[in-house]
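Enquirer: So that we are looking at the same thing, I have put the structure below in structure tokens.
The values are calculated or read from the model by the stated rules, or taken from the named source; none is laboratory data. The model shown is predicted, which means the values in this text are computed figures rather than measured ones. With ideal geometry, Cβ positions are generated from the backbone for all residues, glycine too; neighbour counts draw on all protein chains shown. Just so you know, the surface numbers come from the protein's heavy atoms only, side chains and all, with ligands and any DNA or RNA stripped out. Shrake-Rupley method; radii C 1.70, N 1.55, O 1.52, S 1.80 Å.
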Amino acid sequence: FNKYGISTKLKKEPYYPFALFFETNCTCQFLETILRLLACLTQGQYVSPRSINLALQYLTHALPHKLTYGVMKPHFQQIMFSVLFPLACFQNEDSELWEEDPHEYVRKGYDLMEDLYSPRSQVMHFFIDMASYKHPCKENLPNLVNHLGELLRQFISKTSEGRNTTLERQADGALLIMGSLSEKLKSTVPYKNSIEQMLHHFMLPILNHPAGHLRAKAVWCLGMFADFKFQEGRGKGSTFSILLSSTVARLQDPELPVRVDASVALRSFVEILKDLELLRPLLPQLLNEFLKLINEVDNDDMINTLEAIVEKFEDEIAPFALTICQHLAQNFWKCIDNDEDDDGMGALAALGCLRAMTTILESVSSIPDLYNDLEPVIFPIMHRMISTEGQDVLEEVLEIVSYFTYYAPSISPNMWRLWPMMVEAVSDWAIEYFENILVPLDNFISRGTEYFLTWKDPDFLQSAYQLVERTFNMDLTDDDLLSGPRLLECIMLHCKGRVDHYIEPFILLAVAKLKTAQKNLLKDLLMQVVANALYYNAALTVQILQKHGLVSEVFTVWFQMIWKTTEKGRVGHFRRENDKKINVLGLCSLLHLQGGQVPPEINAGGVQVIQGLAKLCADLKELRDKKEGESESEEEGSSDEDEEDEEEVFDEDDEEDEDEDTSARFKSSRNRDLKFEEEDDDEYDDEWDDILDYWDEDEDTASPLDQVDAHVFFTDSLTFLQGSDPARFASYTGTLDTNTQQALQAMAGYAAQRRQTLAKLAAENAATK
């Protein structure tokens, strides 16, 4: 039905005739059969839960289309109130599970696999979809909301008469549907005008009802409406405060499912909370209740709430960090050990524990000494999970390793034990995580340089080179190889003057791979190994290139890359700011060589060196100006967003017919697909290289190059050459064309401005220390 049920979407497709046949002979006929099947439920006949779920899926898909909705329309009230609503209500089997095994009740309630087979979850999806389509919503939502409101009013009015199990279960179903429709109700007139009153009159009283399942559903419902803009504003005011305190109170409910639902609902309140004073006095008690719950139940959503609390109160979490991490570590091991018995839910909860640990590490990053206390608690997880056993959580584990290697006062010997494990993982089974592993490797090299260079058991420098060499010899895509040259760059930048014996193998490895590289980004990074080597030691690098007869080959390819443009006229290579910078520094290093050290090939192409440098510097300035302009625009935009947002009112009459809208969306999507297919490979690669370039550059990463300005270095290098070797300076610059000469003058002026700006910033930084 999804693929062939609406033939108008497929007129230009080869299977249009079959779709037309299916629509004419099957779609409505199948729907009528399904309606008869569901009618059996109203007569008390048994239909299996999976059959009900699939039948409701068919009905849900039929909602937006005129033909099938027309078949459903005469029966819609009966479908809603005689079939769907009873399925949403609390059942006998729910009651038995609640009483006999509350832990299993919680597990089933949050199990994603249960949703695939549960009739109740499909009822929720049906109503959510119904509310999103014009005609089904306009014709049926008012009746549904009125019915639910009347049922809740009746239930509240009769609570004084004693317990009524039937009414209690119906009220449970009404709350479930109300909560499921929260997004529609919060954004649509007239429903949103009554939400605050509804929460006060229905939800809050039910929170204290003797039936535990009703308290659980009410607190869940509060979470669904937590981000509503009340009369006093969103995330603040008396109503919000009452709802928040009522939710917090349920954390001490005697029933486990209620406490779990309250902890999950609390996340919605915490994320939207404006006045932190509402929760700050309760923070110790709140964290204590959460830690007790985490030890009792493996629940990923609960961990997400803890993560939200830590993020919101990050400046005050330090006193609790160690205790929280101890509980999270205990829960992590419990989840890992029990995962085989709980259909993967333990793995999700374990993942949540790691994410929460990461959030805590981020919140205490300004207190480096605290990392020394946290490391013994978390290190066993890092050590065991950097293996095939931990491949499902490796990304999160590596992020934790990155925090410890970056923020701790120093990298402990224990942490260095992880280096060979990460290197082995990349070589054996985790090549797709090389990008993630590169981050802690970079931290090891930059923050533990002495240990990295002097320790020989294992030899970290040798293992880094061998790692890159092995990956280059593996049958991998270019994208999988990007981290290799970046690792070589990291070594040369942080170990300047101390790894001379490895510069030759680094260069030979990069130049050899450059001959087979296909993607522009990989070519850039490989050529930058040569640029980094020149910046590291220009004389040594030139000797190596001469020794292997690579001077002409390397510099010919290099200048071709510098001047290459795409069909759209954009820069073909070295698009990122860091790329342009290291290219400038590498080429400028040639200008610092003594006359006898310069190969004749480079002397003969001195004009090309200056022209290439002028272009790179001009491109770098243009890129920098563009980023500064975008930054200013973002700041202006963010100031607008900080203003109180206006509630959006939707006019359902403005919506278009669902069939036409669906068809238009399909055609638009198909046209985009065809456009993609028609674009030539160069432009396709060009677009993706742009994406990779943007994603690949991390402006926050510290580097020794941060202290070097490319434009200042360029002008200083020219000045040095002019003073030390006037004849070579004249041969390099004497025949430059007018445009290049003007560019050099402009760069000299810009470099002077940069020098003044950087000096001012340095003085300000010194004054604040």
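Enquirer: What is the one condition in (1) open to solvent by less than 40 Å² (accessible area, probe 1.4 Å); (2) over 24 Å from PHE127 (Cα atoms); (3) assigned to a helix (DSSP H, G or I); (4) not β-branched (Val, Ile, Thr) that ALA218 does not satisfy?
Expert: Of the numbered conditions (1) open to solvent by less than 40 Å² (accessible area, probe 1.4 Å); (2) over 24 Å from PHE127 (Cα atoms); (3) assigned to a helix (DSSP H, G or I); (4) not β-branched (Val, Ile, Thr), the odd one out for ALA218 is (2).
Enquirer: Does ASP315 qualify as being modelled with pLDDT under 90, over 21 Å from GLY237 (Cα atoms) and in a helix (DSSP H, G or I)?
Expert: So ASP315 fits the description; yes.
Enquirer: Among the residues of the stretch 293-308, how many are under 19 Å from the mean Cα position of the chain (by Cα) and modelled with pLDDT of 90 or more?
Expert: Here the count works out to 7.
Enquirer: Yes or no: the stretch 432-445 includes at least one residue that is touching a residue at least 40 places away in the same chain (Cβ under 8 Å) and among the hydroxyl-bearing types (Ser, Thr, Tyr).
Expert: no
Enquirer: Ok, one more. Determine whether the stretch 756-769 contains at least one residue that is among the basic types (Lys, Arg) and surrounded by 13 or more Cβ atoms within 10 Å (Cβ to Cβ).
Expert: Within the stretch 756-769, the first condition is being among the basic types (Lys, Arg), and the residues that meet it are 760, 769.
Narrowing the set further to residues that are surrounded by 13 or more Cβ atoms within 10 Å (Cβ to Cβ) leaves none.
No: the stretch 756-769 contains no residue that is among the basic types (Lys, Arg) and surrounded by 13 or more Cβ atoms within 10 Å (Cβ to Cβ).
Enquirer: What's the number of the condition ASP253 fails, among (1) among the charged types (D, E, K, R); (2) open to solvent by less than 30 Å² (accessible area, probe 1.4 Å); (3) closer than 23 Å to PHE230 by Cβ?
Expert: Answer for ASP253: the failing condition is (3).
Enquirer: Could you list all residues from the stretch 573-632 that are among the acidic types (Asp, Glu) and open to solvent by 10 Å² or more (accessible area, probe 1.4 Å)?
Expert: Matches in the stretch 573-632: GLU577, GLU601, ASP619, GLU622, ASP625, GLU628, GLU630, GLU632.
Enquirer: Has the stretch 69-80 got any residue that is within 39 Å of the chain's Cα centre (by Cα), closer than 18 Å to HIS125 by Cα and either modelled with pLDDT of 95 or more or hydrophobic (A, V, I, L, M, F, W, C) (or both)? It would help to see each step written out before you state the result.
Expert: The initial filter retains those residues of the stretch 69-80 that are within 39 Å of the chain's Cα centre (by Cα), namely 69, 80.
Imposing the further condition that a residue be closer than 18 Å to HIS125 by Cα reduces the set to 69, 80.
Checking the rest, the ones that are also either modelled with pLDDT of 95 or more or hydrophobic (A, V, I, L, M, F, W, C) (or both) come to 80.
The answer is yes; a qualifying residue exists.
Enquirer: Is one or more of the residues making up the stretch 496-507 open to solvent by less than 30 Å² (accessible area, probe 1.4 Å) and either modelled with pLDDT under 95 or within 22 Å of ILE562 (Cβ to Cβ) (or both)?
Expert: Looking for residues that are open to solvent by less than 30 Å² (accessible area, probe 1.4 Å) and either modelled with pLDDT under 95 or within 22 Å of ILE562 (Cβ to Cβ) (or both), one finds at least one in the stretch 496-507, hence yes.
Enquirer: Something else now. Pick from LYS568, LYS581, LYS564: which is of a type outside the set (S, T, N, Q), under 22 Å from LYS621 (Cα atoms) and in contact with a strand residue (DSSP E or B) (Cβ under 9 Å, 6 or more places away or on another chain)?
Expert: Working: LYS568 fails: in contact with a strand residue (DSSP E or B) (Cβ under 9 Å, 6 or more places away or on another chain); LYS581 fails: in contact with a strand residue (DSSP E or B) (Cβ under 9 Å, 6 or more places away or on another chain).
On inspection, the qualifying residue turns out to be LYS564.
Enquirer: Is it the case, given these coordinates, that VAL426 is open to solvent by less than 10 Å² (accessible area, probe 1.4 Å) and aliphatic (A, V, I, L, M)?
Expert: Numbers: open to solvent by less than 10 Å² (accessible area, probe 1.4 Å): yes; aliphatic (A, V, I, L, M): yes.
It is true that VAL426 is open to solvent by less than 10 Å² (accessible area, probe 1.4 Å) and aliphatic (A, V, I, L, M).
Enquirer: For PRO376, are the conditions met, namely being part of a helix (DSSP H, G or I), touching a Pro at 6+ places or on another chain (Cβ under 9 Å), open to solvent by 10 Å² or more (accessible area, probe 1.4 Å) and free of Cβ contacts under 8 Å to residues at least 12 places away in the same chain?
Expert: Details: part of a helix (DSSP H, G or I): yes; touching a Pro at 6+ places or on another chain (Cβ under 9 Å): no; open to solvent by 10 Å² or more (accessible area, probe 1.4 Å): yes; free of Cβ contacts under 8 Å to residues at least 12 places away in the same chain: yes.
Judged against the criteria, PRO376 is not a match.
Enquirer: Identify, from the list GLN197, GLN170, the residue that is open to solvent by 10 Å² or more (accessible area, probe 1.4 Å), in contact (Cβ under 8 Å) with a residue 60 or more places away in the chain and either assigned to a helix (DSSP H, G or I) or more than 24 Å from SER121 (Cα to Cα) (or both).
Expert: Just a single option satisfies the conditions, and that option is GLN170.
Enquirer: Check off (1) surrounded by fewer than 16 Cβ atoms within 10 Å (Cβ to Cβ); (2) part of a helix (DSSP H, G or I) for ASP475 and give me the number that stays unchecked.
Expert: That leaves (2) as the condition not met.
Enquirer: Please specify each residue of the stretch 742-769 satisfying the condition of being out of contact with any His (no Cβ under 8 Å at 6 or more places or on another chain) and among the basic types (Lys, Arg).
Expert: Selection gives ARG755, LYS760, LYS769.
Enquirer: Filter the stretch 440-460 down to the residues that are open to solvent by 80 Å² or more (accessible area, probe 1.4 Å) and closer than 21 Å to ALA702 by Cα and list them by number.
Expert: ARG447, GLU450
Enquirer: Ok, one more. Got a number for residues in the stretch 270-312 being part of a helix (DSSP H, G or I), surrounded by fewer than 24 Cβ atoms within 10 Å (Cβ to Cβ) and touching a Gly at 6+ places or on another chain (Cβ under 7 Å)?
Expert: Qualifying residue count, the stretch 270-312: 3.
Enquirer: Condition first: of a type in the set (Gly, Ala, Ser), in contact (Cβ under 8 Å) with a residue 24 or more places away in the chain and crowded, with 17+ Cβ neighbours inside 10 Å. Now tell me which residues in the stretch 16-65 satisfy that.
Expert: Scanning the stretch 16-65 gives a single hit, ALA62.
Enquirer: Moving to a separate point now. Could you check the stretch 235-256 and list, in sequence order, the residues that are more than 15 Å from ILE206 (Cβ to Cβ) and either of a type outside the set (A, V, I, L, M) or in a loop (DSSP other than H, G, I, E, B) (or both)?
Expert: GLY235, LYS236, GLY237, SER238, THR239, PHE240, SER241, SER245, GLN252, PRO254
Enquirer: On to the next question. Checking ILE128 against (1) hydrophobic (A, V, I, L, M, F, W, C); (2) open to solvent by 60 Å² or more (accessible area, probe 1.4 Å); (3) out of contact with any Asp or Glu (no Cβ under 9 Å at 6 or more places or on another chain): exactly one of these is not met. Which one?
Expert: (3)
Enquirer: Pick from the stretch 519-542 the residues that are among the polar types (S, T, N, Q) and at pLDDT 95 or above: which of them is surrounded by the fewest Cβ atoms within 10 Å (Cβ to Cβ)?
Expert: Here the answer is ASN537.
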